[in-house]
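Asker: Starting off with a structure, shown below.
The values are calculated or read from the model by the stated rules, or taken from the named source; none is laboratory data. Bear in mind that the values here come from a model prediction, so they are computed numbers and not experimental data. Cβ: placed from backbone, ideal geometry, glycine included. Neighbour counts: every protein chain shown.
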Amino acid sequence: MIGAPVLASLIGVWQSYLATLMGQGVMHEIRVDMFDRLLRQSLRFFTNTKSGEIVSRLQNDVGSVQGVVTGTMVNLVSNVLVVASTLFVIFRIDWRLSFVSIAVLPFFILPTRRVGQMRGKIATATQEKMSEIANVIQEALSVSGYLLVRLFGAQSYERQRFREKSQAVRDLQVRQGTVGRWFLAFIMLFASVGPALIYWIGGHEAIGGAISIGTIVAFVGYLGRLYMPCTALVNAHVDVLSAGAVFRRIFDYLDLPVEIADPEHPKRIAAPRGALAFENVSMSYSGEGPPWTVEDLSFEIAPGQMVALVGPSGSGKTTVTYLATRLYDPTRGRVRFDGIDLRELALGDLSRWTAKVTQETTLFHATIAENLRYARPDAAREELERACSIAQVLDVVTALPQGFDTLVGERGYKLSGGERQRLALARVVLRDPRLLILDEATSALDSRSEALIREALEAVLAGRSSLVIAHRLSTVLSAGLILVMDRGRIVERGTHARLLDRGGLYTRLYEEQFLPGEAAVEPTAG
Ligand code: ADP
């Protein structure tokens, strides 16, 4: 009586260590697989999914099945063993009483399915609400969200939105708890029916002298070792059933088809020239077409050439830059880099040799040096300095109290817009791509910032091929080829002078877009 419990509790410690190790190991692998799977989605997935939803599935959903993974296996093995050994013993004591005691077991087991399903439904609803909560947090409590909330005075609206979702989670959790309790009470009822039956039937037998009182007492003692493990097994079954719903949410993500993947035998480029070609490219965001977002685009960028994209807003210019960097694959036609179809090219090589600079510069919450080294982890301090000097941002960095070791806030909020852009250009200089894709800023910076950026850009673009969404006159003037887009098609192409002569869409755009800005900087007399 003393030795066995001591041994059992020692084994218990070891067992719970193993169980936790296994459970956490499984969780860890699911999380990592999910993250990896998400990284290999195309931009389409992220534009269609709320970011809070992604965070929530990765964290809440994976976390909420932890108990099942950790506890169930152990439960299953130990309880099955106990049930089997108890059955063996009680059948040896008295087989007729044994049949009576297992006759009540179906009443334990039958309702589990329903309870499991109900709890599963509640669990799914809870996870959905949780991801809505994550989304509100993401939207309202990020820098840009907060700015919007404050500027529109929407605090009470957001508070209310959050409160409602939080209340919904509370109510669901309360229901989850009640369903479980109600079920447990039901089981307890049948657990006490068993002994009562044994006392009744066994009592009659004992009076007749067929069995001894001691047999009945021993028998009822064993019943606890039969019913308790059965209850635990049934509960485990309910847990698995209700976790099934959450597992489905997890597997939704794990089973996502990889949209942008390395080909089976990727082609490599060691020393690219930087030529880009679109061949009859059509694409629609739904992945099927028509209607096409861009249709039948064909053009070439020769090594070192600058091609400018112009066109009214919504004409498909950004979409072209997405296709050039393989953020989306064309639905029809092909895009080639140095003659190789992007779908056959190693993804690593594509991103190694192309770079994109947009108006919205993303800087990580890290030091300036770390942000720059994202482009090249092994860059030495001198190389960082050289890149910053080319991008006209070295003065700014060295003027900071901690220089390159200054933390830039999430999304680089502590630097001015122009400084952030120049830092992004420095990052590109470090990367040293052969093809640069650039979305010129539409918003006018002050003229000194503007001049600095223009100088930085000239230095960065020199000797590289580039595809530029042009908003500045100087860019279209220096472009070797201008593509004029309208409603997803290239409607005119040529140099500035040739296009102006035609007097078409380009001429109109030139008068509306390029002339006024330039006129403000250099007012003409008269
Ligand atoms: P531009 O850069 O010339 O302003 P875009 O390439 O951004 O034009 O957009 C071209 C068209 O594609 C627009 O009509 C726009 O509404 C649509 N579009 C852009 N992004 C998406 C998307 N993620 N899903 C569906 N349609 C989109």
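Asker: Scan region 387-402 and give yes if some residue there is among the hydrophobic types (A, V, I, L, M, F, W, C) and within 16 Å of the ligand (Cβ to nearest atom), otherwise no.
Answerer: Checking region 387-402: not a single residue is among the hydrophobic types (A, V, I, L, M, F, W, C) and within 16 Å of the ligand (Cβ to nearest atom).
Asker: Same structure again: When you go through (1) within 13 Å of the ligand (Cβ to nearest atom); (2) closer than 24 Å to Gln41 by Cβ; (3) in a loop (DSSP other than H, G, I, E, B) one by one for Gly314, which number turns out not to apply?
Answerer: Failed condition: (2).
Asker: Considering Arg508, Arg472, which residue is more than 19 Å from Val307 (Cα to Cα) and either away from the ligand (no atom under 15 Å from the Cβ) or of a type in the set (Lys, Arg) (or both)?
Answerer: Only one candidate qualifies: Arg508.
Asker: Of the residues Asp349, Asp296, Asp338, only one is touching a residue at least 12 places away in the same chain (Cβ under 8 Å), away from the ligand (no atom under 16 Å from the Cβ), among the charged types (D, E, K, R) and in contact with a Gly (Cβ under 8 Å, 6 or more places away or on another chain); which?
Answerer: From the options Asp349, Asp296, Asp338, the qualifying one is Asp338.
Asker: Can you tell me how many residues within region 440-469 are within 16 Å of the ligand (Cβ to nearest atom) and modelled with pLDDT of 85 or more?
Answerer: 3
Asker: Moving on. How many of the residues making up region 42-61 are over 20 Å from Gly120 (Cβ atoms), more than 13 Å from the ligand (Cβ to nearest atom) and crowded, with 17+ Cβ neighbours inside 10 Å?
Answerer: 3
Asker: Another question, then. If we scan region 185-193, do we find a residue that is at pLDDT below 85, part of a helix (DSSP H, G or I) and not hydrophobic (A, V, I, L, M, F, W, C)?
Answerer: Taking every residue of region 185-193 in turn, at least one turns out to be at pLDDT below 85, part of a helix (DSSP H, G or I) and not hydrophobic (A, V, I, L, M, F, W, C).
Asker: Looking at the structure I just gave you, is Arg332 of a type outside the set (A, V, I, L, M), surrounded by fewer than 16 Cβ atoms within 10 Å (Cβ to Cβ) and in contact (Cβ under 8 Å) with a residue 40 or more places away in the chain?
Answerer: Judged against the criteria, Arg332 is a match.
Asker: Can you list residue pairs whose Cβ atoms sit under 8 Å apart, with the first residue in region 260-277 being of a type in the set (Asp, Glu) and the second being assigned to a loop (DSSP other than H, G, I, E, B)? Count only pairs 6 or more apart in sequence or on different chains.
Answerer: These pairs meet every condition: Asp262/Ala346.
This table checks each residue for (1) assigned to a loop (DSSP other than H, G, I, E, B); (2) farther than 18 Å from Leu345 by Cβ; (3) away from the ligand (no atom under 15 Å from the Cβ).
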site: Glu259; (1), (2), (3): yes, no, no
site: Arg273; (1), (2), (3): yes, no, yes
site: Glu279; (1), (2), (3): no, no, yes
site: Ser286; (1), (2), (3): yes, yes, no
site: Pro291; (1), (2), (3): yes, yes, no
site: Ala308; (1), (2), (3): no, yes, no
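Asker: For region 320-332, what are the residues that are over 22 Å from the mean Cα position of the chain (by Cα) and closer than 16 Å to Glu288 by Cα?
Answerer: Once the filter is applied, which keeps residues that are over 22 Å from the mean Cα position of the chain (by Cα) and closer than 16 Å to Glu288 by Cα, region 320-332 yields Pro330, Thr331, Arg332.
So that you can scan it fast, the table gives a plain yes or no per residue for (1) surrounded by 12 or more Cβ atoms within 10 Å (Cβ to Cβ); (2) basic (Lys, Arg); (3) not in a helix (DSSP H, G or I):
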position: Arg150; (1), (2), (3): no, yes, no
position: Ser156; (1), (2), (3): no, no, no
position: Leu172; (1), (2), (3): yes, no, no
position: Thr178; (1), (2), (3): no, no, no
position: Glu205; (1), (2), (3): yes, no, no
position: Ile211; (1), (2), (3): yes, no, yes
position: Ile216; (1), (2), (3): yes, no, no
position: Leu226; (1), (2), (3): yes, no, no
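Asker: Sticking with this structure for a sec: Only strands (runs of 3 or more DSSP E) wholly contained in region 453-507 count here; list those with 2 or more residues that are closer than 25 Å to Ala424 by Cβ.
Answerer: 465-469, 481-486
Table: residues versus (1) under 24 Å from the mean Cα position of the chain (by Cα); (2) of a type in the set (Phe, Trp, Tyr); (3) farther than 30 Å from Gly120 by Cβ.
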| position | (1), (2), (3) |
| --- | --- |
| Gly145 | yes, no, yes |
| Val149 | no, no, yes |
| Ala154 | no, no, yes |
| Phe162 | yes, yes, no |
| Lys165 | yes, no, no |
| Gly177 | no, no, no |
| Phe183 | no, yes, no |
| Phe186 | no, yes, no |
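Asker: Kindly evaluate Pro229 against the criterion of being touching a residue at least 12 places away in the same chain (Cβ under 8 Å) and within 15 Å of the ligand (Cβ to nearest atom).
Answerer: When the stated conditions are applied, Pro229 does not pass them.
Asker: For region 130-148, enumerate the residues that are under 22 Å from Arg170 (Cα atoms) and assigned to a helix (DSSP H, G or I).
Answerer: Hits for region 130-148 are Met130, Ser131, Glu132, Ile133, Ala134, Asn135, Val136, Ile137, Gln138, Glu139, Ala140.
Asker: Quick one: which residue in Gly116, Gly145 is at pLDDT below 90, buried (at least 17 other Cβ atoms within 10 Å of the Cβ) and small (Gly, Ala, Ser)?
Answerer: Going through Gly116, Gly145 in turn, the sole match is Gly116.
Asker: It is to be established whether one or more residues within region 62-80 are surrounded by 16 or more Cβ atoms within 10 Å (Cβ to Cβ), over 22 Å from Arg225 (Cβ atoms), within 16 Å of the ligand (Cβ to nearest atom) and in contact (Cβ under 8 Å) with a residue 60 or more places away in the chain.
Answerer: Looking through region 62-80, none of the residues is surrounded by 16 or more Cβ atoms within 10 Å (Cβ to Cβ), over 22 Å from Arg225 (Cβ atoms), within 16 Å of the ligand (Cβ to nearest atom) and in contact (Cβ under 8 Å) with a residue 60 or more places away in the chain.
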